[in-house]
Amino acid sequence: MNKDLISILDLDQGELDRIITDAVELKRMRRSGIPHPFLAGMNLAMIFEKSSTRTRISFEVGMNDLGGHALFLNTQDLQIGRGEEIRDTARVASRFVSGVMVRAYRHQTIQDFARYSSIPVINGLSDREHPCQILADLMTIRERFGSTVGLRLAWVGDGDNVCNSMILSSVLTGMEISVATPPGYEPPNDIIDAAREKGAKIQLVKDPESAVEGAHVVVTDTWVSMGEEGERGKRLEAFKGFTVTTALMKKAEADAVFMHCLPAHRGQEVTDEVIEGPQSVVFDEAENRLHAQKALLVSLLAHDVKIKD
Ligand code: CP
Ligand code: NVA
């Protein structure tokens with residue numbers, strides 16, 4: 001049976017732990033120049049409806065590192081752009097490649113793709129979730145703190161796709177999450193309910209100061225996600241007061257780290273001083289996209305490979 005990664009909760013705790021442990025090992029191997037062609041001869045199709053820097057580069061380089069190949073396909077160039085149905089594209093792709101990564105506006109598009117595919121499908125970001133980002137984020141948090149157990153994470157800003165996956169991931173990690181958003185920009189109720197029903201400790205607050213109190217990890221993201229450009233003016237106004245500043249970071253734990261999936265907008269969701277400052281781990285976080293996704297690809301595409309005992 002095929003396994004997809006469409007929501008971060010498509011993984012159980014054991015699978016998540018395994019991916020992060022393997023990612024750390026793959027990072028060590030890459031840095032030591034040890035070849036690791038676990039996916040030799042395999043192809044990954046990468047379908048993009050929206051722009052990307054990190055996701056595209058990390059999946060493409062990741063497949064190369066693993067001895068395979070990645071195909072960059074944007075929807076304007078595919079027949080999808082001229083109306084070919086997702087269900088036909090999914091079945092055709094399944095005849096050619098070993099796996100597909102899809103970045104789409106609508107989460108439903110990725111679910112439809114998976115429904116008609118006979119190969120693993122990976123969500124490379126939708127309007128609802130960004131699970132690959134969270135794999136890298138959790139790896140980065142583990143590198144810094146050794147474990148996620150007992151940590152508190154503060155999300156400041158928009159209750160968006162990345163925030164949703166972070167909230168859901170706390171079901172697997174046990175991290176307590178406090179989310180501060182302006183009214184009307186909270187994460188969707190069904191995400192909060194799903195996480196709480198599975199035992200996650202999620203707090204919704206109105207001001208960034210209460211969210212960061214006692215936090216070991218402070219996270220933010222753009223105030224205007226891809227597809228929301230038409231709401232830019234309204235959003236910039238609504239999010240005033242939600243910038244992660246040095247003063248805000250001082251209210252978190254002394255050893256707290258600052259994280260951001262990037263791309264960042266200095267002077268909006270974060271100041272230049274914070275993102276360039278000593279608490280910022282954003283470039284480790286970006287690099288870890290590569291290692292975490294390589295571990296994910298091996299787990300989905302080569303079930304019999306054991307990277308680390
Ligand atoms: N963080 C992230 O997914 O970046 P890209 O949009 O550049 O892929
Ligand atoms: N929330 C952002 C994340 C970008 C990686 C967006 O969807 O545009």
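Bear in mind these aren't lab numbers, they're just calculated from the coordinates by the rules spelled out. The shown structure was predicted, so the numbers you read here are calculated from the model rather than taken from an experiment. For neighbour counting, all protein chains shown are included, and Cβ atoms are generated from backbone atoms with ideal geometry for every residue, glycine included.
How about LYS206: which lysines have a C-alpha closer than 17 Å to its C-alpha, ignoring those fewer than 8 places off in the same chain? List returned: LYS240, LYS251. For the range 1-111, the orientation-averaged shadow of the C-alpha convex hull comes to 7.9 nm² (one quarter of the hull surface). Compactness of the range 48-103, taken as the C-alpha radius of gyration over 2.2 N^0.38 Å, stands at 1.18.
Once you reduce the range 101-155 and the range 53-90 to the center of their Cα atoms, the two points are 17 Å from each other.
Applying 1/(1 + (r/R0)^6) with R0 = 30 Å to the Cβ-Cβ distance of ASN189 and LYS3 gives a FRET efficiency near 0.60. Annotation: the residues TYR105, TYR185, sorted from fewest to most other C-beta atoms within 10 Å of their own C-beta, follow the order TYR105, TYR185.
For the chain, the spherically averaged projection of the C-alpha convex hull amounts to 15.4 nm².
The phi-based Karplus calculation (6.51 cos²θ - 1.76 cosθ + 1.60; θ = phi - 60°) puts the 3J(HN,Hα) values of the range 248-255 at 5, 4, 5, 7, 7, 4, 4, 9 Hz, whole numbers, x for Gly and Pro.
Take 92-102, 295-305, 150-160 and order them by the average number of nearby Cβ atoms within 10 Å per residue, most first; the result is 150-160, 92-102, 295-305. For the range 223-229, backbone phi angles converted through the Karplus equation (6.51, -1.76, 1.60; θ = phi - 60°) give residue-by-residue couplings of 8, 10, 6, 4, x, 10, 4 Hz, Gly and Pro being listed as x. For the cross-link pairs LYS3/LYS294; LYS198/LYS234; LYS3/LYS201; LYS50/LYS250; LYS27/LYS306, the ones whose C-alpha atoms lie over 24 Å apart are LYS198/LYS234; LYS3/LYS201; LYS50/LYS250. With the simple spin-label model, which puts each label point 7 Å out from Cα in the Cβ direction, the LYS201 to ASP304 separation comes to 4.4 nm.
For the chain, complete DSSP H runs whose alpha carbons reach 24 Å or more along their own long axis and whose mean Kyte-Doolittle score is 0.0 or higher are 282-301. Dividing the C-alpha radius of gyration of the range 168-286 by 2.2 N^0.38 Å, with N its residue count, gives 1.06.
Note on the chain: antiparallel DSSP beta bridges, both residues inside, total approximately 0 percent of the bridges counted.
Full extension of the chain segment joining GLU209 with TYR105 gains 34.2 nm, where the gain is 0.36 nm per residue of separation less the Cα-Cα distance.
For GLN203, the residues whose modelled amide H falls within less than 5 Å of its own, excluding neighbours fewer than 5 places apart on the same chain, are ILE177, SER178, VAL179. The length gained by stretching the chain between SER118 and PHE72 to full extension, at 0.36 nm per residue less their Cα-Cα distance, is 14.6 nm. Ranked by how many other Cβ atoms sit within 10 Å of their own Cβ, fewest first, the residues ASP190, ASP309, ASP65 fall in the order ASP309, ASP190, ASP65.
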